Amino acid sequence: MNPPYVLKADGLAAGKGVLIINELNEAKRELKNMLVDAKFDGESFVVLPEAKDYKRIGERDTGLNTGGMGAISPVPFVDDEIMVK
């Protein structure tokens with residue numbers, strides 16, 4: 001996996017539920033804090049499926065920005081090889 005590493009706590013976390021980390025060891029440490037050391041609750045987590053957003057309203061990213069309203073999940077072109085990466 002390549003950075004950035006994004007960790008997202010499920011539920012309310014007082015504005016502290018998303019971490020964007022560039023160092024793998026730091027990301028592993030924070031993940032342990034979240035899941036094992038109960039930084040949040042240590043029990044509730046969800047592995048989210050892959051997703052692809054389509055920000056522009058037109059074909060081939062033309063037109064106005066949708067503000068993130070155009071997204072699809074699961075992504076049809078993602079296979080096991082891509083998920084391993």
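The values are calculated or read from the model by the stated rules, or taken from the named source; none is laboratory data. This one's a predicted model, so the numbers in the text were calculated from it and none came from an experiment. Cβ placement follows ideal geometry from the backbone for every residue including glycine, while neighbour counts extend to all protein chains displayed.
Quick check, is residue 6 at pLDDT below 80 and out of contact with any helix residue (DSSP H, G or I) (no Cβ under 7 Å at 6 or more places or on another chain)? No; evaluated as a whole, the condition is false for this residue. Which residues, counting only those in the stretch 31-85, are part of a loop (DSSP other than H, G, I, E, B), modelled with pLDDT of 70 or more and more than 17 Å from the chain's Cα centre (by Cα)? Residues satisfying the conditions are 36, 37, 57, 58, 62, 63, 64, 76, 77, 79. Taking (1) at pLDDT below 80; (2) touching a strand residue (DSSP E or B) at 6+ places or on another chain (Cβ under 7 Å); (3) of a type outside the set (S, T, N, Q) in turn, residue 27 satisfies each apart from (1).
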